[in-house]
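Asks: Okay, here's the structure, questions in a sec.
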Amino acid sequence: MSADIVISQVSKQFRGGALALQDVSLQVEDGDFVSLLGPSGCGKSTLLKMIAGLTLPSSGTIAVDGILPANARQLMSFIFQDPTLLPWRTVEENVGLGLELGGMAAAPRKAKVEEMLELVGLTAARTRYPRQLSGGMKMRVSIARALASRPSILLLDEPFAALDEMTRDRLNDELLRLYAERQQTMVFVTHSVAEAVFLSRRIVILAPHPGRVAHIVTNDLPWPRPAGIRLSAEFDAQAAYVSRLLRGVHAEAPSL
Ligand SMILES: Nc1ncnc2c1ncn2[C@@H]1O[C@H](COP(=O)(O)OP(=O)(O)OP(=O)(O)O)[C@@H](O)[C@H]1O
Ligand SMILES: [Mg+2]
């Protein structure tokens, strides 16, 4: 199950603050995997939160599966840049939260939580509380919780930034495996060109001050991504191309 996202001429002006986004239009098709890349402060998180229906645009419209984002929340899961865990719940209770709220019975929920804990490598930490976890572990709990409920749309805000490179590569592989299996629509924010190139079908490069779409790159690496593609010449070429575009956007940005 997946769903599409249509963003039309969206601007966001925070009260008393900067124009965070100006006139952003973007369509994310059913089952697409889109990465958002751009300098810090260009409005990536703001755009993701508006898609999720957590913040309203100042002007313009967003439709998720044809309806207002706030009415489409049950279609979406959000992995926030700062993991938001309930401090009084253990790791396994945090991972199972969405399933519990969705009314899933205890036995299948337990099995699902176990599968997800294994996926993110946290089986041994299942009974710990968030305060007993490292930043990367908290992030993995948040990832496991979002993946457990099989949303049609997954919104991910730099989910792997706090992780070591090996763990990050492994979770990138797992994310692509889940994507192939579930056909979810993915919107993925990252600062890593390599990650964007490895994962996505399209890469949207945003420019800052005000935040806007500067380039949309169709990633022509083969699907499914063959093992070892990260070490190939075509991967390097695609990454070099995206890096060049991103450097251009940084060069344009006035210094703060
Ligand atoms: N709640 C808010 N109130 C006022 N201004 C905000 C708010 N949230 C974000 N902004 C501003 O909007 C702009 C875009 O912020 P946003 O967090 O979307 O950037 P980002 O691209 O996600 O950056 P990063 O890569 O550092 O996470 C910034 O100038 C930021 O200061
Ligand atoms: Mg952000």
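Coordinate-derived values only; no laboratory data. Keep in mind the model is a prediction, meaning the values are calculated, not measured. Here the Cβ is made from the backbone with ideal geometry for all residues, glycine too, and neighbour counts use every protein chain on show.
Asks: Find how much the distance from TYR129 to GLN183 grows on full extension, using 0.36 nm per residue of separation minus their present alpha carbon separation; answer in nm with one decimal.
Replies: 16.2 nm
Asks: A further question on this structure: How long is the gain from GLN9 to HIS250 if the chain were fully straight, where each residue apart is worth 0.36 nm and the alpha carbon distance is subtracted?
Replies: Stretched out fully, the GLN9 to HIS250 stretch lengthens by 84.5 nm.
Asks: Still on this structure, please answer the following. Kindly provide the GluC sites (Glu not before Pro) of the stretch 129-201 that DSSP labels as loop, not H, G, I, E or B, and whose Cβ sees at most 13 other Cβ atoms within 10 Å.
Replies: Answer in residue order: no site qualifies.
Asks: Could you tell me the center-to-center distance, by alpha carbons, between the stretch 102-145 and the stretch 202-256 in angstrom?
Replies: Measuring centre to centre over Cα atoms gives 33 Å.
Asks: What FRET efficiency would be calculated for the residue pair TRP88, ALA233, taking the C-beta separation as r and a Förster radius of 45 Å, to the nearest 0.05?
Replies: Given R0 = 45 Å and the Cβ-Cβ separation, E is 0.30.
Asks: Sticking with this one: Would you kindly calculate the translational diffusion coefficient of the stretch 13-78, applying Stokes-Einstein with the Kirkwood radius from alpha carbon pairs, for 25 °C and a viscosity of 0.890 mPa s, and quote it in µm² s⁻¹ without decimals?
Replies: Values: Rh = 12.9 Å.
After rounding, the answer is 190 µm²/s.
Asks: Further, regarding this structure: First measure r as the distance between the Cβ atoms of GLN74 and SER40, then evaluate 1/(1 + (r/R0)^6) with R0 = 41 Å and state the FRET efficiency to the nearest 0.05.
Replies: 0.85
Asks: Dipole of the chain, Cα-centred, from +1 at each Lys and Arg C-beta and -1 at each Asp and Glu C-beta, to the nearest 20 debye? Display every interim value, and only then the final one.
Replies: Details: 27 positive and 26 negative charges, 132 e Å.
Dipole about the Cα centre, nearest 20: 640 debye.
Asks: If you don't mind, another one. Can you give the log10 of the normalised intensity I(q)/I(0) at q = 0.10 Å⁻¹, computed with Debye over equal Cα scatterers of the stretch 5-252?
Replies: -0.49
Asks: With only alpha-carbon pairs counted, each pair once and no self-pairs, how large is the Kirkwood hydrodynamic radius of the stretch 137-256 in angstroms?
Replies: Radius from the Kirkwood sum: 15.5 Å.
Asks: Oh, and also: For the stretch 107-201, what does the alpha-carbon gyration tensor say about shape, rounded, prolate or oblate, given a ≥ b ≥ c as the root eigenvalues, a/c under 1.5 as rounded, and a/b over b/c as prolate?
Replies: Judged from the Cα gyration tensor, the stretch 107-201 comes out oblate (a/c at least 1.5, b/c at or above a/b).
Asks: If contacts are Cα pairs under 8 angstrom and at least 6 residues apart, what is the relative contact order of the chain in percent?
Replies: Values: 475 pairs, mean separation 68.4, N = 256.
It comes to 27 percent, rounded to a whole number.
Asks: Here's another thing I want to ask about it. Quick one: divide the alpha-carbon radius of gyration of the stretch 40-126 by 2.2 N^0.38 Å and tell me what you get.
Replies: 1.34
Asks: In the stretch 1-108, which chymotrypsin sites (Phe, Trp or Tyr not before Pro) fall in coil by DSSP and have 16 or fewer other Cβ atoms within 10 Å?
Replies: Values: sites: PHE14, PHE33, PHE78, PHE80, TRP88; in loops: PHE14, PHE80, TRP88.
Counting only loop positions with at most 16 other Cβ atoms within 10 Å, the chymotrypsin sites (Phe, Trp or Tyr not before Pro) in the stretch 1-108 are PHE14, TRP88.
Asks: Name the residue from ALA111, VAL28, LEU176 whose Cα lies farthest towards the positive end of the charge dipole of the chain, charges +1 on Cβ of Lys and Arg and -1 on Cβ of Asp and Glu.
Replies: Projecting each Cα onto the dipole axis, the largest value belongs to ALA111.
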